[in-house]
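Colleague: What follows is a structure written as C-alpha cells; I'll ask about it next.
The values are calculated or read from the model by the stated rules, or taken from the named source; none is laboratory data. These figures come from a predicted structure and were not determined experimentally. Using ideal geometry, Cβ is built from the backbone for each residue, glycine included, and neighbour counts are taken over all protein chains shown.
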Amino acid sequence: MSLSTRYNPKQTEARWYAHWEKHNYFHSEPDEREPFTIVIPPPNVTGMLHMGHMLNNTIQDVLIRRARMQGKNACWVPGTDHASIATEAKVVQLLRKKGIKKSDISREEFLKYAFDWKEKYGGIILEQLKKLGASCDWHRTRFTMEPSLSRAVIHVFTDLYKKGKIYRGLRMTNWDPEAKTALSNEEVIYKNENSQLFHIRYQLEGNPSDGIVIATQRPETIMADTAIAVNPDDERYKSWIGKTVLVPLINKPIPIIADTYVDMEFGTGALKITPAHDPNDYEIGQRYNLPVVDILTEDGRLNASAKILIGEDRFVARKKIKKLLGDSGNLVKLEDYVTSIGHSERTDSVVEPRLTMQWFLDMKDFAKTALRAVSSGEVKFYPENMWNMYNQWLKEDNVRDWCISRQLWWGQRIPAWYLVGSRQSAVVSPQSSVRSPQPEAGSRGEMMFVAETAEGALEQAKAKTGNQNLTLADLRQDDDVVDTWFSSWLWPIAVFDGFEKQDELKYYYPTNVLVTGWDIMFFWVARMIMSGYEWSEELLGKDLKGRQPFYDVYFTGMVRDNKHRKMSKSLGNSPDALSLIANYGADGVRFGMLLSGSAGNDIIFDAPFDPKTNEVLNESKLCEQGRNFCNKMWNALRLVKGWQVEDIPQNNINKLAVAWLENKFDKTLAAIGGNYDQYRLSDVLMSLYQFIWDDFCSW
C-alpha cells in the first residue's frame, strides 16, 4: 500500500481512532499490573469544547498514553457534571420557548424535561473530546447525577450530619437574583467597577434644619435602614449618639448608635446600617438588637416593605431614587468611586447579600486536613508555588463554612424531612444572638429528620414522637438541592462506586495525577482532598495505599489571547476548537497547545484577529508548526518505506552515524524521562521535535 504524498489528518486520525475504539484499547479492568489512574475533571453537561478543555485533556492524554507504553494498566475515567445552576437555566429557557413557566409545573415534570435535555445535549462535549484523540475508557463514562453517584451524595450528607459537621441556620448568604439561589463564597467573582458614592442627608427628628450626612453606594436600600452608626471616638459625632434621624423619602425614625467598626476616614464617617442587605451591617444589627427589614424580592425587585417604588428592579430603583433624593433636597453630592462588586460565577448577575435559611458544612477541620496533605508531601503540586495560593485560601482566618444548599430542582435533593404540623421551640444560636429554629427544626419550626430515605426519616419521626400511626404523607422533604461541588468532591471515589463496593476502588485508588486549572483549586481540588481523607480509610481499611485522592496535581494555566486576555465566549476572543482541529488535525492542535506553555503558567495562544472585523480567526502558527511536524514524520516514513534493504556489511561511516544517532537517542530519551517525571511536557515535546526534525530527518 503506497502512502499519499502529504499527511491527511482528517483521514488518518478518524480511521485510527475508530480502530482503537473497535478493539477496546482504552478499556481497563483490574489485573496484576501496576495501575495508572486519571479521573477527568468532568465538564459541565452544558459545555462545548473550548481551548481550556483542549489544553487540559491533551495533557491527560499524553500522560495516560505514556503509562500504557510503560506497560501499566492505564485507566482514564471520563464523565460529565450535572452543573445545577447552568443546566437549570438552560431548561428554564427551553420551557419558556414552549410557553411553560417553571412555576406552573411540578418538580417531577421539570426533572423529566431536564433529563430529556441532558440525554439530547449532555454527551456532545464527550464526542468532541474523541475528535481531539482523547483515549478515555469510554465504557466507564460517569455522570454526577446518575443513581449510584447520587446515592453516594445522599450517604455522605447524612454521614456528615450524624457527625455534627452539617448544620442548618439563618445566615447572611450570597444571593444570585437571576438564578434565585444562594452561592458559596467561592462562586462569587469580584470585579472593580466605576460607581458613585451618594452623600445623603438624614434629617434630625424634630429639627428639620439639622441633620447628619452619610455616604453610600446603594441609595436604593435606604428604606431598609434601621440605624446610623458613628465611631465613638469621632469628635464630630459624639453629640449625635443616641439621637434619632429620619430616613429620607419615607420619614422612618432610626437611632444613631456608636460602634468601633465604623471607619472615620471613609465617606463622611457616618454609616447607614442596613442589616438585611449587608453582612457587616447584619453583624452590627445583631450587637444592637436592630430590626431586620428586607426590601428586596428573590429576583432583586423592591417589595412592599420598601414603601416606595414597589416592583422596580434594584438598579432601576437606584436611578429613580437619585432623582427623588435630589428633588427632596436630601442629596448633598455625588462622588465618583471605584469599588469591588461581586458577580455570580454562573450568571454574572450582581450578587445580593441576603438573609436566608441554608445548610452549611463546618470547614475548620476539613481545611486543616487539606493543608496537612499538601504540606506533608502526600499530595504534590506542580508547580510547587501553587502551594502559596492554596495555603492562603485554607488558612484558619480565611476559611468560611461552606453553604451547600441551593434553591434549585436540578441536583441531589437534600435528604431532610419535616413533620408537617409539628412545632419545635426556637433557641438562641451559640454563635450569635439570632433567634433561629433548632438544627432539628425546619423553617416553619417543624421537627426535622435527616435520613438516606423517606422511610428512614419516618422511623425517626415515629421514635421521636412516639406516634406509630405516622405515615409518609405526614412528612415533607426539604425543597433544596446540594451544591454541584458537593457531588463532584466525591469524584475520585464515586466513579468507582466506592461507597457501595470497594473492589475497584482498592485497585485504582489513590489515582496518580489530577490535571486541572488553578482557578478551581479551592472549589474542587481542596475539597476532593478533604473527602478523600474523610472516607477512604473507612471504605478501604488501614492497609490502603493512601488516603489522598491523587498523588500529584498538575495545574494548567489560563489560555489567553495575544492581548493577554482570558479566552472566553463572552469576549469573542477564542477560536473555535473544532475548527482548529479541522484545519490542522488533532495532533497539530495538541502540538500547538503543549508548545505554548508549562505547568501553572498561562498559555498565550497565537490565534490572530481579523484587522477589519476584529474577530478572532481559527488560525495558529503554532498549530501549523504541529501539522508540518506531522507531515515531516509522514514523509520520513514514506522515505524509509521506499528504501531497498540489503544484507551487506556496514561501512565505517554508516557505523559511526548509527552509533552517533543511537547515542543522541539515548540522551534524548533520558532527558524526556526526567522532564516527564516533573510534568515539563513542553520540554518533552521540544526534545522530541528537535531530535526528529534536526537530527533524524536532517541526517
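Colleague: Are any of the residues in region 587-610 under 28 Å from the mean Cα position of the chain (by Cα), of a type in the set (Phe, Trp, Tyr), surrounded by 15 or more Cβ atoms within 10 Å (Cβ to Cβ) and over 25 Å from residue 127 (Cα atoms)?
Modeller: For region 587-610, residues under 28 Å from the mean Cα position of the chain (by Cα), of a type in the set (Phe, Trp, Tyr), surrounded by 15 or more Cβ atoms within 10 Å (Cβ to Cβ) and over 25 Å from residue 127 (Cα atoms): absent.
Colleague: Quick one: residue 571 ticks every box in (1) under 30 Å from residue 553 (Cβ atoms); (2) without any contact (Cβ under 8 Å) to a residue 12 or more places away in the chain; (3) in contact with a Leu (Cβ under 7 Å, 6 or more places away or on another chain) bar one, so which box is it?
Modeller: (3)
Colleague: Still on this structure, I have one more. Within region 425-538, which strands (runs of 3 or more DSSP E) (wholly inside it) include 1 or more residues that are modelled with pLDDT of 95 or more and charged (D, E, K, R)? Working first, answer last.
Modeller: Working: elements: 426-428, 435-437, 448-450, 475-477, 511-517.
Correct list: 475-477.
Colleague: Another question about this same structure. Among the residues in region 310-320, are any modelled with pLDDT of 95 or more, in a helix (DSSP H, G or I) and aliphatic (A, V, I, L, M)?
Modeller: At the first step, the residues of region 310-320 found to be modelled with pLDDT of 95 or more are 310-320.
Those left that are additionally in a helix (DSSP H, G or I): 314-320.
This time we only want the ones that are aliphatic (A, V, I, L, M), so: 316-317.
Checked region 310-320: at least one residue is modelled with pLDDT of 95 or more, in a helix (DSSP H, G or I) and aliphatic (A, V, I, L, M).
Colleague: Then there's this: For region 640-699: of the residues being small (Gly, Ala, Ser) and under 30 Å from residue 603 (Cα atoms), which is nearest to the chain's Cα centre (by Cα)? First the steps, then the outcome.
Modeller: Filtering region 640-699 down to residues small (Gly, Ala, Ser) leaves 642, 657, 659, 670-671, 673-674, 682, 687, 698.
With the extra rule that they be under 30 Å from residue 603 (Cα atoms), the set shrinks to 670-671, 673-674, 682, 687.
Working: 670: 38, 671: 36, 673: 33, 674: 33, 682: 27, 687: 35 Å.
Across region 640-699, the extreme among qualifying residues is 682.
Colleague: For residue 245, indicate whether it is crowded, with 21+ Cβ neighbours inside 10 Å, among the aliphatic types (A, V, I, L, M) and in contact (Cβ under 8 Å) with a residue 24 or more places away in the chain. Break it down into steps so the answer makes sense when it comes.
Modeller: On the way: crowded, with 21+ Cβ neighbours inside 10 Å: yes; among the aliphatic types (A, V, I, L, M): yes; in contact (Cβ under 8 Å) with a residue 24 or more places away in the chain: yes.
So residue 245 passes the test.
Colleague: Return yes when residue 178 is among the charged types (D, E, K, R), surrounded by fewer than 19 Cβ atoms within 10 Å (Cβ to Cβ) and assigned to a loop (DSSP other than H, G, I, E, B) and no when it is not.
Modeller: Working: among the charged types (D, E, K, R): yes; surrounded by fewer than 19 Cβ atoms within 10 Å (Cβ to Cβ): yes; assigned to a loop (DSSP other than H, G, I, E, B): yes.
Judged against the criteria, residue 178 is a match.
Colleague: Right, here's the next one. Within region 160-175, take every residue that is among the charged types (D, E, K, R) and closer than 24 Å to residue 292 by Cβ and give me the one that is surrounded by the fewest Cβ atoms within 10 Å (Cβ to Cβ). Spell out the reasoning first.
Modeller: Step one: list which residues in region 160-175 are among the charged types (D, E, K, R), which gives 162-163, 165, 168, 171.
Among the residues that remain, those that are also closer than 24 Å to residue 292 by Cβ are: 168, 171.
Numbers: 168: 25, 171: 21.
Only one residue tops the list, namely 171.
Colleague: While we're on this one: Which count do you get for residues in region 1-37 that are farther than 26 Å from residue 605 by Cα and either among the small types (Gly, Ala, Ser) or within 23 Å of the chain's Cα centre (by Cα) (or both)?
Modeller: Selection size over region 1-37: 5.
Colleague: For the list (1) buried (at least 16 other Cβ atoms within 10 Å of the Cβ); (2) free of Cβ contacts under 8 Å to residues at least 40 places away in the same chain, I need the number of the one condition that residue 531 fails.
Modeller: Of (1) buried (at least 16 other Cβ atoms within 10 Å of the Cβ); (2) free of Cβ contacts under 8 Å to residues at least 40 places away in the same chain, only one is false for residue 531: (2).
Colleague: Now for a separate question. Among the candidates 74, 89, 14, single out the residue that is among the aliphatic types (A, V, I, L, M), farther than 19 Å from residue 555 by Cα and modelled with pLDDT of 95 or more. Full working, then the answer.
Modeller: Working: 89 fails: modelled with pLDDT of 95 or more; 14 fails: modelled with pLDDT of 95 or more.
Within the list 74, 89, 14, the selection yields 74.
Colleague: Could you check region 141-175 and list, in sequence order, the residues that are assigned to a helix (DSSP H, G or I) and under 19 Å from the mean Cα position of the chain (by Cα)?
Modeller: At the first step, the residues of region 141-175 found to be assigned to a helix (DSSP H, G or I) are 147-162.
149, 150, 153, listed by residue number.
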